[in-house]
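Quick one: the structure is below, questions incoming.
What follows draws every value from the coordinates through simple rules; no lab data is involved. What you are looking at is a predicted structure, and each value in this text was computed from that prediction instead of being measured. So basically every Cβ, Gly included, is an ideal-geometry build from the backbone, and we count neighbours across all protein chains shown.
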């Protein structure tokens, strides 16, 4: 990866924040078709979608299914959680003895996610919510309060490609995972270098 200057990295992050926070008000506003259809989800995941709040689902912009089996009781960190759809799916999968943290840098998305915490706890039959949402950058999880060796699993759904500093991102992932912990992520990729015109296009970047 070509190292970006700090100013260019900030510009990239600002562009992504604006796209997901201000341009997109729902999945109908997407200007590309990278997101996956509901019927592409594993069969055991699909029924849970019926328990996810419609507003949360409508603000989902992922492109895959980073959901391993045997999650009950696990602690999970979702990088770039957006409106929280995957956080709430994971909330159901880990059960009341597990926990899920969602981190995102976009206030508008986090506002939607937090609005429905109690609603989802009731849907899943949890005595209290087993999720929390924090604002921060996925390249600096320490600043967001995510401790060393603190989670069993890190997941990310179509977000790692948006990071302007992937070495820092993966270093942070390795730091927060417990020994034997795992990373599951789904993403878009290119098998060749992009021209600056494509790489810096605000719609394609988003």
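Quick check: pseudo-label points 7 Å beyond the Cα along Cα→Cβ at residue 50 and residue 114, how many nm apart are they?
Taking the two extended label points, one gets 3.2 nm.
For residue 134 and residue 175, FRET efficiency with R0 = 22 Å and r from the beta-carbon atoms, rounded to 0.05?
On the way: r = 16 Å, r/R0 = 0.72.
Computed FRET efficiency for residue 175 and residue 134: 0.90.
A further question on this structure: State whether region 62-141 is rounded, prolate or oblate according to the following rule on the C-alpha gyration tensor (a ≥ b ≥ c being the square roots of its eigenvalues): a/c under 1.5 gives rounded; otherwise a/b larger than b/c gives prolate, and the remaining case gives oblate.
Numbers: a/c = 1.77, a/b = 1.27, b/c = 1.39.
Taking the square roots of the gyration eigenvalues as a ≥ b ≥ c, region 62-141 is oblate.
Continuing with this model, one more query. What is the spin-label model distance, in nm, from residue 143 to residue 189 if the labels are put 7 Å beyond Cα along the C-beta direction?
Rounded to a tenth, the inter-label distance reads 2.8 nm.
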